[in-house]
Structure formats: C-alpha cells, structure tokens
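Below: one structure, written as structure tokens.
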Amino acid sequence: MQPIGVFDSGLGGLSVWRELVKELPNESFVYLADSAHCPYGSRPHDEITHLAVKNTEFLLSKNAKMIVVACNTATAAAIDYLRKSFSIPFIGMEPAIKPAALMSKTACVGVLATAGTFEGRLFKETSQKYAAGVKIVTSIGDGLVELVEQNLVNSKQAKLLLEKYLQPMLDCNADHIVLGCTHYPFLSELINKITGNSVILVDPASAVARRTRNQLKSLDLLAGDNTNPQYHFFTNGDLGKMQLFIDEITDIQVVTGIW
Ligand code: DGL
C-alpha cells in the first residue's frame, strides 16, 4: 500500500496533515519537514524550487503515490515545475481568498502570508478573479514561521508581531483573515485573542484534504477499507522538537526519523 507524501519547509504542514488524516483515515502518510532550510518565505523562487525537487525525490524514494505540497510558499514557487517534472500527481495549497471574499460582509479581507506566497501567480490570480469589490489587506508574517518552529506560539514575541501585522486588517474592518501559510493555524488561538474573536480565520487545510480525496478517487488511488495506516515523519532538523510538536497536536502514534 503506497503512502501519500506530504512536505513543508518545517512543521507547519502538520496543520494540513491533521486534516488529511481526518478526511482519509485509511491512507498511510510520509511527512517530510525540511527544517534545515526553514523558513522558505524570503528565499528566491528558484532556490525554493530546487528544495521542493529534493523533497519530492525523498518522498518518491519512500514510494509516495501522490504528494501534497503542504506549504503555500513552495506551492507558489514550485508547483508548476513539479507537475511538469514528475509523473505523480501533486496537490498544492491555495490562498483561500475566494471563500473569504464571498463570505465577507464588510467587503474587506485580510491575508497573512509569506513574501514568497504573495509573489506567486496563484495569489495574484485569485485576488484578481474572486475579490472584485472586496478590499484585500495583506501582511507579510516575517518571523512567525520561526516562532512556530520553536513552539513559541503563545509567546510575547508572537503577540507583538501579530499585533503589528493584524492592525492594518483591523483598521479596514476586515471580517475574515486568510491564513496563507500552513504554520499560521498554530497561531489561531493567539490571533483570536488579539482580534477579540471578531474575525473569522480562514484555513484552507480542510478544503485541500477534500481535494486530495477527490483526486485520489478520480485516479483510482484511494486505499481500501482493510488497511493498517502507517504514519512516518522525517526531518533534517531537530527530531526531538518534531516529536514534541506532533505529540501536542495528535494522539496518533507516528514513527519519526532523520532525513
Ligand atoms: N508553511 C510554509 C508556508 O505555508 C512556511 C513558509 C516558510 O518556511 O517561510 O508558506
């Protein structure tokens, strides 16, 4: 039984993996955290593409049947190249601007993401296509990925940075904030505290999980009912830190290893 491969620059993609497991309980997963190169956010797109190819090759060596790029920045930089260069299917992250813009009553939506994601084609296209008549206020979340990697999600530093990044969105009376980086859902609690729960946070992870299921189904790649799913996690960073992080977000037993 072939697993689904998932990669991110680090631990952020676990916010996608936990939705994938809910949606696809029979599937096995191999997750790769490229923590040695985290963050990706401010790297040039060429360099991110090179890293994404390395990540893909590793997951293929683990026999992945499909790869979920659980990183908005890597999706923005590399998904077209990956689809051209490898024969297996890829699922990428999409900035959830469409649902946020459609649901907004104040006609203002905030988007928090990395510089690399804002530079990508997907962000520009979805903003133009779906957000007519809606103001999009963007903030680059510099420093947030590093804090999530250190599990400092409720720290003073995280609070100060978020207050700065969210203020322009609150000033515009945004009623939805798109979490355009897979690390940011781990900051949801703090974001809700800062906004006083006045804003709806939009995390595309569950939509990505549904898309993964649909794609597997249409390619006849879905695992059957009588499976014994396995969860393997690899990192080229700190193994102990990754294990702690996983233990905090799930009861599922996983096997961890060094890449
Ligand atoms: N989780 C990645 C994303 O969704 C973080 C990018 C980074 O490493 O800066 O964009």
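In percent, rounded to a whole number, the relative contact order of the stretch 78-220 is 30, using alpha-carbon pairs under 8 Å and six or more apart. Modelled spin-label separation between Ala115 and Asp238, with each label point placed 7 Å from Cα along the Cα-to-Cβ direction: 2.5 nm.
Heavy atoms of the protein chains alone define the surface here; on that basis the stretch 190-251 has 57 Å² accessible area per residue at 1.4 Å probe size. For the stretch 73-140, lysine pairs separated by 8 or more sequence positions, or belonging to different chains, with Cα-Cα distances below 17 Å total 5. Considering only Leu161, Phe118, Val134, and ranking their Cα positions along the charge dipole of the stretch 99-174 that arises from unit charges at the beta-carbon of Lys, Arg, Asp and Glu, the one farthest toward the positive end is Val134. Here's how it looks for Phe86: its modeled amide H is under 5 Å from none belonging to a residue 5 or more places away or on a different chain.
Residue order by solvent-accessible surface for Met1, Met66 is Met1, Met66, largest first, with ligands and nucleic acids left out and a 1.4 Å probe. The tail of the calculated P(r) for the stretch 141-223 beyond 20 Å holds 42 percent of all Cα-Cα pairs. In order along the stretch 183-194, the phi-based Karplus estimate (6.51 cos²θ - 1.76 cosθ + 1.60, θ = phi - 60°) of 3J(HN,Hα) comes to 6, 5, x, 6, 9, 4, 4, 5, 4, 4, 5, 5 Hz; Gly and Pro are listed as x. Roughly how many percent of the accessible protein surface of the stretch 1-115 is carbon and sulfur, given a 1.4 Å probe and a whole-percent answer? Solvent-exposed carbon and sulfur of the stretch 1-115 make up 50 percent of the total. Straight Cα distances below 17 angstrom link Lys164 to the lysines Lys156, Lys193, with same-chain residues fewer than 8 positions distant left out.
Partners of Lys241 within straight-line reach, counting aspartates and glutamates whose Cα lies under 15 Å from its Cα and excluding those fewer than 8 residues away in the same chain: Asp34, Glu146, Glu149.
Against the chain, whose longest principal axis is taken from its Cα atoms, helix 72-85 shows a tilt of about 40°.
For the stretch 111-211, the Cβ-based charge dipole about the Cα centre amounts to some 240 debye (Lys, Arg positive; Asp, Glu negative; other atoms uncharged).
For the chain, the percent of C-alpha pairs falling in each 5 Å distance bin, counted from 0 to the bin holding the largest distance, reads 1, 6, 14, 18, 19, 17, 12, 7, 4, 1, 0. With 10 Å bins from zero, work out the P(r) of the stretch 73-151 over every alpha carbon pair and list the percent per bin. P(r) for the stretch 73-151, in whole percents per bin: 17, 41, 30, 11, 0. The trypsin sites (Lys or Arg not before Pro) of the stretch 90-152 that meet both conditions, a loop assignment by DSSP and at most 10 other Cβ atoms within 10 Å of the site Cβ, are Lys105. In the distance distribution for the stretch 108-259, Cα-Cα pairs more than 24 Å apart total 46 percent. Using a probe of 1.4 angstrom and keeping all protein chains present, the accessible surface of the stretch 1-156 works out to 39 square angstrom per residue. The angle between the Cα long axis of helix 121-130 and the main principal axis of the chain comes to about 50°, on a 0 to 90 degree scale. Surface composition of the stretch 186-259: carbon plus sulfur atoms contribute 47% of the solvent-accessible area (1.4 Å probe, protein chains only, all chains present). Between the helical axis of 239-249 and the longest alpha-carbon principal axis of the chain there is an angle of about 70 degrees.
Relative contact order for the chain: 27 percent, from Cα pairs under 8 Å spaced at least 6 residues apart, divided by residue count.
The magnitude of the dipole of the chain, with charges of +1 and -1 set on the Cβ of Lys/Arg and Asp/Glu and taken from the Cα centre, is near 580 debye.
Our estimate of slack between Ser198 and Cys172, defined as 0.36 nm per intervening residue step minus the Cα-Cα distance, is 8.1 nm. Distance between the pseudo-spin-label points of Val254 and Met103 (7 Å out from Cα toward the beta carbon): 2.6 nm.
Could you work out the helix-only [θ] at 222 nm for the chain, with each DSSP H run of four or more residues adding -39,500 (n - 2.57) and the total divided by the number of residues, to the nearest 500 deg cm²/dmol? List each step's numbers first, then the result.
On the way: 11 runs with 118 residues, N = 259.
After summing the helix terms and dividing by the residues of the chain, the value is -13500 deg cm²/dmol.
The values are calculated or read from the model by the stated rules, or taken from the named source; none is laboratory data. On a predicted model such as this, the values are computed, not experimentally measured, just so you know. Heads up, the Cβs are rebuilt from the backbone with ideal geometry, glycines too, and the neighbour counts pull from every protein chain shown. Remember, those area values only see protein heavy atoms, side chains included, never the ligands or the DNA or RNA. Shrake-Rupley method; radii C 1.70, N 1.55, O 1.52, S 1.80 Å.
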